[in-house]
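Student: Dumping the structure here so I can ask a few things about it.
The values are calculated or read from the model by the stated rules, or taken from the named source; none is laboratory data. All of these numbers come straight from a predicted model, not from anything done at the bench. Virtual Cβ from ideal backbone geometry, glycine too; neighbours counted across all protein chains shown. Just the protein is used for accessible areas: all its heavy atoms, side chains included, with ligands, DNA and RNA removed. Shrake-Rupley method; radii C 1.70, N 1.55, O 1.52, S 1.80 Å.
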Amino acid sequence: MQTAASRILLTGGSGFIGSHLTRHLLASRPQPQIVNLDLLTYCGNLSNLEDCSWQPNYRFVKGDICDEALLDQLFLDHEFDTVIHLAAESHVDRSIVNPLEFVRTNVLGTASLLQAARNHWKSSYAGKCFYHVSTDEVFGTLSDGQEAFKETTPYSPRSPYAASKAASDHLVRSFQESFGLPTKVSNCSNNYGPNQFPEKLIPLCINNILTQKPIPVYGRGDNIRDWLYVDDHVTAIDLILHRGRVGETYNIGGKCELRNIDLVRQLCQAMDQELGRPPAFSEGLIRFVEDRQGHDYRYAVDCSKVCLELQWQPSVSFAQGLRRTVQWYLENRKWVEEITSGAYQTYYERQYSLKLAGPGQIKGSAS
Ligand SMILES: NC(=O)c1ccc[n+]([C@@H]2O[C@H](COP(=O)([O-])OP(=O)(O)OC[C@H]3O[C@@H](n4cnc5c(N)ncnc54)[C@H](O)[C@@H]3O)[C@@H](O)[C@H]2O)c1
């Protein structure tokens, strides 16, 4: 069934992937109306969508996906036909320090959204879609030579982050099975690209190479991840949203498995070239540090279903994507500096509370 997706509630649109997806959908034809519901936690950054903020078909709402009254009001006001759910706590290291925050946002938040969609759509599910964006980490870890994750691979999450995302996937499926809610789920491998919060591996390394600080690599850097450029994830979501089958799950991957240490070395090389430094200059900054607790060894995604069914392919090679990412961070140093200084967290007050106090322009919970 094709989904029209004309009135979209998109959660987490001020984060990394959400901002790229929002920009992409706003440019599509026919133009959808998009409400971006985002709590602006430490990783939400309004400046990620600064260029879109004045578009008549885009609206930002500062609020919590766990706030049932707010969700109810938004559904009443906007009569959404589509929910695209990305809002999450997403950093594995933080989930090891504070697992309950992950349970609250990723599990309770997803359940609240599902319940709101069910309440408001129950009279008619025709043309409606609840799209849940998830991760390959729900499948656990692989050894060398083991078959890549398929959609049918049993879940075996090993970090609180992965467990909370697995729980949210199960909830989505349960609403499909129990109530007939039309849902779609995709599980994607590691993304990289512009606007990724600087605590994640690639932007962290770029920043440390630039400032000549040590580059921390867990263990011996042997862990393997499958990398996908963020724009390719966005095009896959768009295809699945509009042409994917209701009730189905799709794996999305980059067909690009890399050991962390090899990725960091490539990054050092690309940065040295961009900065005009001597070859291998930045590799000297690499420091092996104590491994993460329960560090999954290998992720690999079999994405043949989305490739065959929807003719999707990753279009950006890792070398191209890495070059684009490096260039973006070098050209947008202010973006990183505002995060480091905390100035990005005042953007909401500066941009919205002061300038957009007019009626109907902004709505949010008191959070
Ligand atoms: N980054 C990856 O490599 C990757 C890979 C596969 C899947 N995913 C999934 O994609 C989604 C987006 O990931 P990302 O890397 O863009 O994350 P991100 O951390 O950059 O962004 C998350 C966004 O959610 C918002 N948010 C957090 N808690 C909220 C709440 N209670 N209410 C409303 N908004 C809230 C944050 O403010 C932020 O803008 C997540 O669901 C993640 O699990 C990410």
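Student: Regarding residue 53, is this residue surrounded by fewer than 20 Cβ atoms within 10 Å (Cβ to Cβ) and in contact (Cβ under 8 Å) with a residue 12 or more places away in the chain?
Tutor: It is true that residue 53 is surrounded by fewer than 20 Cβ atoms within 10 Å (Cβ to Cβ) and in contact (Cβ under 8 Å) with a residue 12 or more places away in the chain.
Student: I would also like to ask the following. Kindly list, by first and then second residue, each pair from a residue in region 190-217 that is farther than 18 Å from residue 292 by Cα to a residue that is among the acidic types (Asp, Glu) and within 16 Å of the ligand (Cβ to nearest atom), limited to pairs with Cβ atoms under 7 Å and residues at least 6 apart or on different chains.
Tutor: Partner pairs satisfying both residue conditions: 193/231.
Student: Only residues that are touching a strand residue (DSSP E or B) at 6+ places or on another chain (Cβ under 9 Å), assigned to a helix (DSSP H, G or I) and surrounded by fewer than 15 Cβ atoms within 10 Å (Cβ to Cβ): list them for region 284-323, please.
Tutor: Scanning region 284-323 gives 304, 320.
Student: Filter region 98-113 for residues that are within 14 Å of the ligand (Cβ to nearest atom) and in contact (Cβ under 8 Å) with a residue 40 or more places away in the chain and give the result.
Tutor: 102, 103, 105, 106, 107, 108, 109, 110, 111, 112, 113, listed by residue number.
Student: Moving on to the next point. Considering only region 211-236, state which residues are open to solvent by less than 40 Å² (accessible area, probe 1.4 Å) and part of a helix (DSSP H, G or I).
Tutor: Answer for region 211-236, where residues must be open to solvent by less than 40 Å² (accessible area, probe 1.4 Å) and part of a helix (DSSP H, G or I): 230, 232, 233, 234, 236.
Student: Among what's in region 48-97 and is over 21 Å from residue 181 (Cβ atoms), polar (S, T, N, Q) and not in a helix (DSSP H, G or I), pick the residue that is nearest to the ligand (Cβ to nearest atom).
Tutor: 90
Student: Take the residues of region 170-202 that are part of a helix (DSSP H, G or I) and touching a helix residue (DSSP H, G or I) at 6+ places or on another chain (Cβ under 6 Å): which is least open to solvent (accessible area, probe 1.4 Å)?
Tutor: 175
Student: What residue, among those in region 17-32 that are within 10 Å of residue 5 (Cβ to Cβ) and not hydroxyl-bearing (Ser, Thr, Tyr), is surrounded by the most Cβ atoms within 10 Å (Cβ to Cβ)?
Tutor: 25
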